[in-house]
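A.B. asks: First, the structure itself, so that you have it in front of you.
We did not get these values from a lab; they are worked out from the coordinates using the rules stated. Everything quoted here is computed from the prediction, not taken from an experiment. Heads up, the Cβs are rebuilt from the backbone with ideal geometry, glycines too, and the neighbour counts pull from every protein chain shown.
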Amino acid sequence: MKERCTSDTATQSVYMSQVVYSPQYTTVNNAMTGASITTTGTTAQTNYNGSISYTGTTAGIKKVLSNLIPNVPVSIKIKVLYNYKPLYIAVGEASAATPNSYTNLLYSTMSNGSINFTFTPTQTNVELSIKEAALTPSIFATSHLCFTIDSVNYTQQNGSTSNTQLVQISSKQSDKYRYSFNGKEHDDEIKGAGNSIDMGARIYDSRLGRLLSIDPHASTYPNISSYVFAINNPIIAVDPDGKDVHIVIGDKPVGTTTIRLIGSENVKGAPATIQVDLYKMTVTDDVTGKTSEYFVTRDAPIINQKDPVDEQVMPSWMGGDESYNVTNTSFEPRGDNKYNLVPTTTAGEGAYALRTKTGGTDLPAEPNNSPFRKKADVATGVMIHVGGTYTAPDGSTRTTGSEGCFTLQGKDAGNKGIQNLVKDIKQRKEANKKAGKGTNIDLEIKKRDNVKKESTVDADGTEGN
């Protein structure tokens with residue numbers, strides 16, 4: 001039903017009755033209270049501020065979250081006050097065959113601190129687990145403070161309320177602020193005030209909550225509906241007009257450098273660093289016309305914890321040169337090789353975390369023997385971050401290793417290299433924004449052939465025979 005009225009300035013306005021729905025939510029605070037400890041020898045201590053600290057050679061906890069509504073998203077906020085190593089966080093469901101075992105993963109990730117994430121249950125109960133992602137428990141000779149949890153809260157929509165109100169659908173244009181959702185301008189001439197928003201490449205109907213045409217870049221993402229906005233994840237992604245900053249990591253070596261051999265400090269005689277290849281990384285955008293070149297490592301060597309010394313060579317006590325077994329935990333794309341990059345300070349100086357085009361943190365990967373992965377063919381926590389020798393926030397000098405990440409090396413090693421990359425990307429995003437272009441960061445990783453998963457190195461860090 002329409003009702004017509006006249007304002008003081010004799011400008012005619014038209015209103016329409018409209019039903020407005022308001023969602024209602026269930027919020028559970030301190031959801032991990034009473035959580036079970038899953039690791040032997042771990043102790044829990046409640047602190048003066050209500051936080052809980054877990055101490056041991058390693059630590060893990062789990063708790064069943066019950067009375068959830070199936071097929072309705074659940075948003076979780078985990079506030080971590082301290083963690084010695086990155087934390088592996090997972091949400092699992094039970095199956096009909098094993099109703100008491102929550103082995104079907106709904107969500108998993110590696111996090112170096114507090115984290116917010118969303119998952120969608122298909123049952124009323126799920127299990128949330130948090131544990132220290134240590135290489136192996138034997139690395140830590142003594143007990144240590146593993147992590148301190150301040151709070152774990154989650155929210156889920158449980159219904160909605162409705163009311164009818166009059167909505168203005170046309171009026172005289174005013175000089176008031178005309179911009180709203182995603183910073184785009186209202187188009188009030190046809191559908192009324194605030195009901196249509198010009199997104200640049202498409203028109204958004206705010207009453208329907210729908211875009212009225214397909215994404216002009218739909219062919220680039222065949223696995224995503226062409227009618228969605230920001231790949232259905234507007235918290236992580238934005239879509240000013242479909243144009244972005246572009247980064248490409250090459251697949252052909254352009255030189256060599258050295259990188260820290262993770263775990264070598266636990267094997268007598270093993271080299272602290274080994275030689276790896278360098279690869280070119282280019283950065284472009286849709287406005288400036290400039291191309292920047294950086295150099296990164298792709299290989300991620302760790303000492304083989306189960307069999308660190310190569311027994312097939314003559315040991316040093318017999319006059320030979322010992323060799324050491326190395327596992328390459330590099331991230332190699334499986335299937336789609338295009339990603340979004342999200343700025344993060346997880347790695348200290350500044351870094352960029354890889355996300356799938358749908359905003360996911362679980363990246364399909366070629367399988368390897370990485371102890372950092374929950375599944376051999378799924379990688380999490382992959383980043384582009386500082387490489388070489390650098391100064392940490394605490395003032396100490398450190399040498400970068402890699403657990404499956406890309407590290408800036410060569411001329412781009414150290415604090416200055418990551419600072420230059422962060423500044424470069426920031427300036428390009430600002431230029432794109434001023435020109436009305438996109439500010440997403442797109443990453444393409446060229447796939448490598450015949451990547452070595454296992455190798456041996458001599459005591460000087462060079463590859464053995």
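A.B. asks: What do you get for Rg/Rh over the stretch 24-159 if you use C-alpha atoms and the Kirkwood form of Rh?
C.D. replies: 0.98
A.B. asks: Enumerate the calculated ³J(HN,Hα) couplings along the stretch 27-41 in order (Karplus 6.51 cos²θ - 1.76 cosθ + 1.60, θ = phi - 60°), each rounded to whole Hz, writing x wherever the residue is Gly or Pro.
C.D. replies: 10, 10, 9, 6, 5, 9, 4, x, 4, 7, 7, 9, 10, 5, x
A.B. asks: What share of all Cα pairs of the stretch 19-67, in percent, falls into each consecutive 10 Å distance bin?
C.D. replies: It works out to 20, 39, 21, 11, 7, 2, in whole percents.
A.B. asks: Something else: With r defined as the distance between the Cβ atoms of residue 48 and residue 377 and R0 fixed at 45 Å, what FRET efficiency is calculated, to the nearest 0.05?
C.D. replies: My answer for the efficiency is 0.55.
A.B. asks: Starting at the first residue of the stretch 65-75, write each ³J(HN,Hα) from the Karplus equation 6.51 cos²θ - 1.76 cosθ + 1.60 with θ = phi - 60°, in whole Hz, x for Gly and Pro.
C.D. replies: 9, 10, 6, 7, 9, x, 6, 10, x, 10, 9
A.B. asks: Using 1/(1 + (r/R0)^6) with R0 = 60 angstrom and r between the beta carbons of residue 451 and residue 161, what's the FRET efficiency to the nearest 0.05? Don't skip to the end; give the middle numbers.
C.D. replies: Details: r = 56 Å, r/R0 = 0.93.
Step by step, r from the Cβ atoms, then E = 0.60.
A.B. asks: By count of other Cβ within 10 Å, fewest leading, how are 306, 411 ordered?
C.D. replies: On the way: 306 9, 411 15.
With the fewest neighbours first, 306, 411 line up as 306, 411.
A.B. asks: Still on this structure: What lysines does residue 62 reach when the alpha-carbon gap must be under 25 Å and sequence neighbours fewer than 8 apart in one chain are set aside?
C.D. replies: By straight Cα distance, residue 62 reaches 77, 79, 85, 131, 374, 375.
A.B. asks: Can you sort 366, 293 from fewest to most other Cβ atoms within 10 Å of each residue's own Cβ? Can you show the working numbers first?
C.D. replies: Details: 366 17, 293 12.
The most exposed by this proxy come first: 293, 366.
A.B. asks: What FRET efficiency comes out for the pair residue 433/residue 291, r = Cβ-Cβ distance, R0 = 22 Å, nearest 0.05?
C.D. replies: Calculated value: 0.65.
A.B. asks: Counting other beta carbons within 10 Å of each residue's own, what order do 62, 268 fall into, fewest first? Please list the in-between numbers first.
C.D. replies: Working: 62 17, 268 9.
The fewest-first ordering by Cβ neighbours comes to 268, 62.
A.B. asks: Now for a different question. Take each of the peptides 279-288, 28-37, 386-395, average the number of other beta-carbon atoms within 10 Å over its residues, and list them starting from the highest. Please report the intermediate quantities before stating the final value.
C.D. replies: Numbers: 279-288: 19.1, 28-37: 14.6, 386-395: 16.4.
Ranked from most to least packed, the peptides come out as 279-288, 386-395, 28-37.
A.B. asks: In straight Cα distance, which lysines are under 28 Å from residue 411, not counting same-chain residues fewer than 8 positions off?
C.D. replies: By straight Cα distance, residue 411 reaches 252, 280, 290, 338, 423, 426, 429, 446, 447, 452, 453.
A.B. asks: Another question, if that's okay. What per residue convex hull volume, in Å³, do the alpha-carbon atoms of the stretch 358-465 yield?
C.D. replies: Values: hull volume 18.9 nm³, N = 108.
Convex hull volume per residue, Cα atoms: 175 Å³.
A.B. asks: Mind listing the phi-derived Karplus ³J(HN,Hα) values for the stretch 363-378, rounded to whole Hz, using 6.51, -1.76 and 1.60 with θ = phi - 60°, and x for any glycine or proline?
C.D. replies: Coupling constants for the stretch 363-378: 9, x, 9, 4, x, 8, 9, 5, x, 8, 9, 6, 10, 4, 10, 10 Hz.
A.B. asks: Can you bin the stretch 245-458 into rounded, prolate or oblate? Criterion: square roots of the alpha carbon gyration tensor eigenvalues sorted a ≥ b ≥ c, rounded for a/c under 1.5, prolate for a/b above b/c, oblate for the rest.
C.D. replies: On the way: a/c = 2.30, a/b = 1.81, b/c = 1.28.
Prolate.
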